[in-house]
Amino acid sequence: MNAFIATFMRDFALLWAGGGGALAPLGFFLGATVLVPLAMGPDRALLAAAGPPLVWIAAALAVLATLERLFQADLEDGSLDQLLLSQSPLELIVLAKGAALWCAIGLPLALAGAPAAIALQASPEQIGVIVASLGLGMAAFIGVGLVGAAVSAGVKRGGVLIALIVLPFFAPPIIFGSAVAAGEDVGAALAILAGCALGASALGPLAAAAALRLQAE
């Protein structure tokens, strides 16, 4: 657990280093969701129909932009070799990095879903559910993203490769998260979204750790 906490604190600090790097995806998300109503006009019915998918697509792209350097920097500066030599399981270290990413970027994005939903004409009763569903969706996105980041760690400018790997797996959280935001069968959609988050959080670190071991060989 000491290695888990140390890795979590290190990555959390690095995500906010350099003038607050974690603010970039948050700014992208808020900018995308706030500018959409200006472009689409005041038609409430149109915004209510198009708003939920746009919120989730913007959230997915914001997370995607943070994944490229997640393991690449560790591979370049030799930190990955130290992690592999550590007595702590590599899967636990990867889980710590994912948890740090969720706390630094996923949680602020989920909370930013409240003003975004208001801008897109969501009803006040939906705000809490939308924020909760985005929190689960961020966990699902990051769990899958760990695998894409690990596979592309040895590839320079591997953002395109990460997108090709993870975007198909982003589809289920986007589909069911949009259903929650639209108020369509909220209970069932939220349960499936929670299952996606749990599955990605459990399996993502295992697959990412295996990919990192191959990168180090």
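Can you go through ALA202, ALA207, ALA188 and tell me which one is surrounded by 18 or more Cβ atoms within 10 Å (Cβ to Cβ) and assigned to a helix (DSSP H, G or I)?
Details: ALA202 fails: surrounded by 18 or more Cβ atoms within 10 Å (Cβ to Cβ); ALA188 fails: surrounded by 18 or more Cβ atoms within 10 Å (Cβ to Cβ).
Among ALA202, ALA207, ALA188, only ALA207 is surrounded by 18 or more Cβ atoms within 10 Å (Cβ to Cβ) and assigned to a helix (DSSP H, G or I).
Scan (1) polar (S, T, N, Q); (2) more than 22 Å from ALA207 (Cα to Cα); (3) modelled with pLDDT of 80 or more for the single condition SER88 breaks and write down its number.
Here SER88 meets the rest and fails (2).
Only one residue in VAL180, VAL166 is within 17 Å of GLY106 (Cβ to Cβ), over 15 Å from the mean Cα position of the chain (by Cα) and either without any contact (Cβ under 8 Å) to a residue 12 or more places away in the chain or crowded, with 20+ Cβ neighbours inside 10 Å (or both). Which one?
Just a single option satisfies the conditions, and that option is VAL180.
In contact with an Asp or Glu (Cβ under 8 Å, 6 or more places away or on another chain) and aliphatic (A, V, I, L, M): is that true of LEU101 in this structure?
yes
Could you pull out the residue among GLY113, GLY154, GLY106 that is under 21 Å from ASP11 (Cβ atoms), assigned to a helix (DSSP H, G or I) and out of contact with any Asp or Glu (no Cβ under 6 Å at 6 or more places or on another chain)?
Result of the check over GLY113, GLY154, GLY106: GLY106.
I need a count of the residues in region 177-217 that are within 17 Å of ASP81 (Cα to Cα) and hydroxyl-bearing (Ser, Thr, Tyr).
Adding up the residues that qualify gives 0.
Can you spot a residue in region 45-53 that is surrounded by fewer than 23 Cβ atoms within 10 Å (Cβ to Cβ), touching a Pro at 6+ places or on another chain (Cβ under 7 Å) and assigned to a helix (DSSP H, G or I)? Full working, then the answer.
Looking only at region 45-53, we keep the residues that are surrounded by fewer than 23 Cβ atoms within 10 Å (Cβ to Cβ), and these are 45-50, 53.
The next check asks that each one be touching a Pro at 6+ places or on another chain (Cβ under 7 Å); those that pass are 47.
If we keep only those that are assigned to a helix (DSSP H, G or I) too, we end up with 47.
Yes, some residue in region 45-53 is surrounded by fewer than 23 Cβ atoms within 10 Å (Cβ to Cβ), touching a Pro at 6+ places or on another chain (Cβ under 7 Å) and assigned to a helix (DSSP H, G or I).
Could you please let me know if GLY135 is without any contact (Cβ under 8 Å) to a residue 60 or more places away in the chain and closer than 24 Å to ARG69 by Cβ?
Answer is yes for this residue.
Under the condition of being surrounded by fewer than 18 Cβ atoms within 10 Å (Cβ to Cβ) and not in a helix (DSSP H, G or I), which residue from region 9-25 is modelled with the highest pLDDT?
Out of the qualifying residues, it is TRP16.
Would you be able to say whether some residue in region 132-147 is part of a helix (DSSP H, G or I), modelled with pLDDT of 90 or more, surrounded by fewer than 19 Cβ atoms within 10 Å (Cβ to Cβ) and aliphatic (A, V, I, L, M)?
yes
Hey, any hits in region 38-55 for a residue that's modelled with pLDDT under 85 and touching a Phe, Trp or Tyr at 6+ places or on another chain (Cβ under 7 Å)?
No, every residue in region 38-55 fails to be modelled with pLDDT under 85 and touching a Phe, Trp or Tyr at 6+ places or on another chain (Cβ under 7 Å).
Among (1) part of a helix (DSSP H, G or I); (2) in contact with a Gly (Cβ under 7 Å, 6 or more places away or on another chain); (3) in contact (Cβ under 8 Å) with a residue 40 or more places away in the chain, where does LEU67 come up short?
Result: LEU67 passes all but (1).
The values are calculated or read from the model by the stated rules, or taken from the named source; none is laboratory data. Treat the numbers as computed from the prediction; the structure is a model and nothing was measured. Counting neighbours? That spans all protein chains shown, and the Cβs are built from the backbone with ideal geometry, glycine included.
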